[in-house]
Amino acid sequence: MTSHSPDAVAAPLGRRERANAETLDRLWAAEPVLVDLRPALDVVPGMTPNTVLTSGAPLPWTDYFGGQRSGVIGGALYEGLAKSAEEADRLIRAGHIRVATCHEHACVGSLAGIYTASMPVFVVENSDRGNRAFCNLFEGPSPARLNYGVYNEAVRKSLTFIAEVIAPVLGEAVRRSGGVPLRPIVRRALHMGDELHSRNTAATLIFTRELFPVLLELASERGDDVRQTLEYLSSSDYFFLRLSMASSKATADAAHGIEGSSIVSAMTFSCRTFAVRVSGLGDAWFEAPMPTMEPKLFEGYTVDDVEYMGGESVINETIGLGGFAQAAAFPLQEYQGGSAERMVATNLEMYEITAGEHPEYKIPFFGFRGVPTGIDVYRVVETGIAPAMDIGVAGRGGGQIGAGILRAPLACFEAAVAEYQQRYP
């Protein structure tokens, strides 16, 4: 086994192993439940009327570029904080519009990860420890979406439709149902061809079935809205991704802050850098430049069209889903490239860099072996195996242009190991 850091094996294993065992216990014990849908201003900690949230580790405004910058400006325009892109830029520079990161507000963002005060969010509570996490809703099947750096009249109408029709119906249904446990849905979807990142078809169907009796009750009161909501759910195989993200965020946050733990509690990226946070290293982000990838692109695009504009759906990989459960989702090879054999090999690699196997989230192809859980920064550095993540690919000028597998840069993990050794000599 090749080490990418000569000092990587020098950690006091007894203390670290005990801390990592506690971290795993919290990851495995989490019971995420969807309890509500509300406007972000009403439920997200620290949200204000003039705040726009975005993905990634914190950056100064002048460092944002491309689709992520356009997404933030689009969020300001949608919220009515500015009348033009130029005015939004001036107000952000002057501090009148506040740009902050999703993770610092218990949120998790898809691609550019844009949140504004009026946007509805899923409220997911981990009933095991009481912490909450939030994620906004899937914008619909169009490749031109705000989270992909596009803001125009069609995007505005889509966001307004979600806020005025979809979210009120789903919110009322969730409240009447008493909440929807998400762990059983994830567990079953893994047995039905989903890996809960780039494929959420089964999970979306299971979730819809869970709410169907309540939606039928609501149909007598607001029939047209319920009909439109069911059409939205049936046309949006990606719908459950945002719920799996909030579920994973609530799970991972419960495992953060354990003294001595070397397990990753969050991964994120912006237009500039990829970053990881480690349970036993406080709230510091360990960053490195974005790596290159070989995506499968939609017809008419080339790798020169690819642009990173942020992403936090990789929180799912943080707890053992997505790229860590590829062998549960062979249909993905048509969407993001590769082959079944390559997916199996990649999935098996992830066991080499994790501290355990989930007792309930299991992969049928591996004889119902638990998904690899708990990315250990030491194991990543010692093996040189980088975490694999299934992601959507954004294009220059905005919009989705493909999908593929992203490997996290090893430098993040090397920096985390160096800090761990300083903190725990």
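The values are calculated or read from the model by the stated rules, or taken from the named source; none is laboratory data. The structure displayed is predicted, hence computed values, not measured ones. Glycine gets a Cβ as well: all are built from the backbone with ideal geometry, and neighbour counts include every protein chain shown. With ligands, DNA and RNA removed, areas are computed over all heavy atoms of the protein, side chains included. Shrake-Rupley method; radii C 1.70, N 1.55, O 1.52, S 1.80 Å.
Fully extending the segment from GLU153 to SER127 would add 5.4 nm, taking 0.36 nm per residue of separation and subtracting the current Cα-Cα distance.
Eigenvalues of the Cα gyration tensor times 5, then square-rooted: what semi-axes does that give for the range 216-343, in whole angstrom, largest first? Present the calculation step by step, with values, prior to reporting the outcome.
Details: eigenvalues 188, 118, 47 Å².
Ellipsoid half-lengths, sorted descending, are 31, 24, 15 Å.
Which distance in Å, rounded to a whole number, links the C-alpha centroids of the range 313-392 and the range 179-201? Here the answer is 15 Å between Cα centres. Within the chain, the cysteines lacking any other cysteine Cβ closer than 4.7 Å to their own Cβ are CYS135, CYS271, CYS412. With no solvent and one point per C-alpha, what does the Debye sum give as log10 I(q)/I(0) for the chain at q = 0.12 Å⁻¹? Values returned for q = 0.12 Å⁻¹ are -0.93.
Once you have the Kirkwood Rh of the range 84-233 from its Cα pairs, apply Stokes-Einstein at 4 °C and 1.567 mPa s and quote D in µm²/s.
Numbers: Rh = 17.3 Å.
Stokes-Einstein gives a translational diffusion coefficient of 75 µm²/s.
Overall, the ratio between the Cα radius of gyration of the range 144-274 and 2.2 N^0.38 Å, rounded to two decimals, is 1.22. Note that the range 18-140 presents 36 Å² accessible area per residue, ligands and nucleic acids not counted, probe 1.4 Å.
Given all pairs of different Cα atoms, what value in angstroms does the Kirkwood hydrodynamic radius of the range 300-385 take? Provide the component values of the computation, followed by the final result.
Values: mean 1/r = 0.0715 Å⁻¹.
Result for the range 300-385, one decimal place: 14.0 Å.
Among LEU37, LEU205, LEU196, determine the one that fluctuates most according to a GNM of the chain built with springs between C-alpha atoms less than 10 Å apart. Among LEU37, LEU205, LEU196, the largest GNM mean-square fluctuation belongs to LEU205.
Of the heavy-atom accessible surface of the chain (probe 1.4 angstrom), what whole percent is carbon and sulfur? If you can, show how the numbers build up before the last one.
Numbers: 7950 of 15610 Å².
That share works out to 51 percent.
A crude spin-label estimate for the pair ASN50 and ARG396, with each label 7 Å from Cα along the Cβ direction, gives 3.5 nm.
In the range 219-263 the Cα-Cα distances spread across 10 Å bins starting at 0 as 23, 26, 24, 15, 10, 2 percent of all pairs. Once Rh for the range 365-425 is found with the Kirkwood sum over Cα pairs, what is the Stokes-Einstein diffusion coefficient at 20 °C and 1.002 mPa s, in µm²/s? So the translational diffusion coefficient is about 150 µm²/s. Restricting the calculation to alpha carbons of the range 52-133 gives Rg and Dmax of 13.6, 46 angstrom.
Looking at the chain only, what percent of DSSP beta bridges run antiparallel? Nearest 5 please. Mind dumping the intermediate values first?
Details: 41 of 46 bridges.
In the chain, DSSP labels about 90 percent of beta bridges as antiparallel.
Calculated FRET efficiency, ARG227 and ALA29, Cβ-Cβ r, R0 35 Å, to nearest 0.05?
Numbers: r = 39 Å, r/R0 = 1.12.
Working from the Cβ atoms, E equals 0.35.
Using every pair of distinct Cα positions in the range 228-297, the Kirkwood expression returns a hydrodynamic radius of 14.6 angstrom.
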